[in-house]
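The structure appears below as structure tokens.
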Amino acid sequence: MKNKINFPKCLGSKLSMLALSAVLFSPMVVQAETIGAVSTKFKMLGANDKIVVEAFDDPDIKGATCYLSRAKTGGVKGMVGLAEDTSDASIACRQIGPIALSNEIKSGDADGDEVFKKSTSILFKSLQVVRFYDRKRNVLVYLTYSDRIIEGSPKNSISTIPIMPWH
């Protein structure tokens with residue numbers, strides 16, 4: 001006989017509703033495209049430690065693309081998804097086409113919006129990219145940093161896109 005956990009019906013339906021609302025109301029997940037990688041440390045077992053270069057488009061601003069380099073831990077723990085990547089990352093964002101900003105971005109109401117997030121450990125650590133708009137200079141500013149539930153890292157990197165006419 002298998003062990004079975006019996007939740008009260010009301011709790012089961014509440015958990016189902018919570019899971020459904022998390023899917024429906026969570027921000028769109030931006031997938032990064034891997035551009036390339038280089039090994040930084042040989043591992044006898046499992047994959048080597050690497051620096052991975054990825055690209056992603058800003059989901060709210062057509063014509064804005066960011067390139068992110070980040071550390072990826074290898075070895076056996078990395079192979080099975082139990083390794084914690086370091087907080088080392090760098091970002092470079094570029095205008096790749098015409099850019100039109102929404103009123104929400106122009107007004108500053110969207111400052112600090114998350115445009116990219118990637119889990120960097122099995123529990124509670126992620127690498128994030130957030131966007132700000134410098135209205136005075138007509139520049140988009142992208143900040144990458146690592147956070148954790150209890151303690152984040154002060155390591156960070158920024159990149160800017162001066163918005164220019166596109167011909």
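To keep it simple, each residue is scored yes or no on (1) of a type in the set (Ser, Thr, Tyr); (2) farther than 19 Å from ASP88 by Cβ; (3) surrounded by fewer than 13 Cβ atoms within 10 Å (Cβ to Cβ).
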residue: SER102; (1), (2), (3): yes, yes, yes
residue: ILE105; (1), (2), (3): no, yes, no
residue: ASP113; (1), (2), (3): no, yes, no
residue: PHE116; (1), (2), (3): no, no, no
residue: THR120; (1), (2), (3): yes, no, no
residue: GLN128; (1), (2), (3): no, no, no
residue: TYR133; (1), (2), (3): yes, yes, no
residue: VAL141; (1), (2), (3): no, yes, no
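Each residue in region 73-100 was checked for being under 18 Å from TYR145 (Cα atoms), modelled with pLDDT under 95 and surrounded by fewer than 19 Cβ atoms within 10 Å (Cβ to Cβ), and 4 pass.
What residue, of LYS50, LYS62, LYS41, is among the charged types (D, E, K, R), modelled with pLDDT of 75 or more and farther than 25 Å from LEU143 by Cα? Just one listed residue meets the conditions, LYS41.
The values are calculated or read from the model by the stated rules, or taken from the named source; none is laboratory data. Keep in mind the model is a prediction, meaning the values are calculated, not measured. Here the Cβ is made from the backbone with ideal geometry for all residues, glycine too, and neighbour counts use every protein chain on show.
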